[in-house]
Amino acid sequence: MKSPADLNEAISIIVHTYSTSVLRFAYSYVKNRSDAEDIAQDVFITYIQKAPDFDHEMQRKSWIMSVTSNKCKDYLKSSWKKRVTYMPENLGYLPKEESTLISCVYSLDEKYRIPIHLYYFEGYSVEEIARITGNKSATVATWLSRGRALLKTKIGDDFCE
């Protein structure tokens, strides 16, 4: 059994390793930094409460991203979300090209935005995205293809190469 100090160190490493990915992924769902931070906090609290054990680090990351996806879906279905309207956040701190790309990705419908985020920003395969989102691989591949086509029309051919 681990000592409390060892446990705290292990949790700190997990939070440090995955906090950026969880925050970005949550933001791609909810499009609001404060809500994404709240969801990320909930994800790590769930991790601490469940204390899951994994054979491989990729299993841990996949579990964390699945929990993030579920927490985001729950948030978007909540009555609170239905009553609140947010101002779009400023992406002015990013280079113009990157800001344009991220804005276009975040303007896509959720079914295209989430797979594109997981595939390009988090590096997941189509099969892994299917497991995380609870959809079939063929469906995820179709959404990726359609999302890319939408981005190409929004941004232009030159930017997508």
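Tabulated results
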quantity	calculated
Failed condition for S145, given (1) at pLDDT 85 or above; (2) surrounded by 14 or more Cβ atoms within 10 Å (Cβ to Cβ); (3) outside the structural domain of K31 (by TED's automatic domain parsing)	(2)
Subset of the stretch 67-94 that is assigned to a helix (DSSP H, G or I), hydrophobic (A, V, I, L, M, F, W, C) and surrounded by 13 or more Cβ atoms within 10 Å (Cβ to Cβ) - its residue that is modelled with the lowest pLDDT	L76
Meets criteria (among the charged types (D, E, K, R) and surrounded by fewer than 15 Cβ atoms within 10 Å (Cβ to Cβ)) for E127	yes
Top-ranked residue of the stretch 148-161 - restricted to ones that are over 18 Å from the mean Cα position of the chain (by Cα) and assigned to a helix (DSSP H, G or I), ranked as modelled with the lowest pLDDT	I155
Which listed residue is surrounded by fewer than 21 Cβ atoms within 10 Å (Cβ to Cβ), of a type in the set (S, T, N, Q), out of contact with any strand residue (DSSP E or B) (no Cβ under 6 Å at 6 or more places or on another chain) and more than 23 Å from L7 (Cβ to Cβ), from S62, S34	S34
Single residue of I45, I64 found to be outside the structural domain of P115 (by TED's automatic domain parsing), within 17 Å of P115 (Cα to Cα) and assigned to a helix (DSSP H, G or I)	I64
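The values are calculated or read from the model by the stated rules, or taken from the named source; none is laboratory data. The structure displayed is predicted, hence computed values, not measured ones. For neighbour counting, all protein chains shown are included, and Cβ atoms are generated from backbone atoms with ideal geometry for every residue, glycine included.
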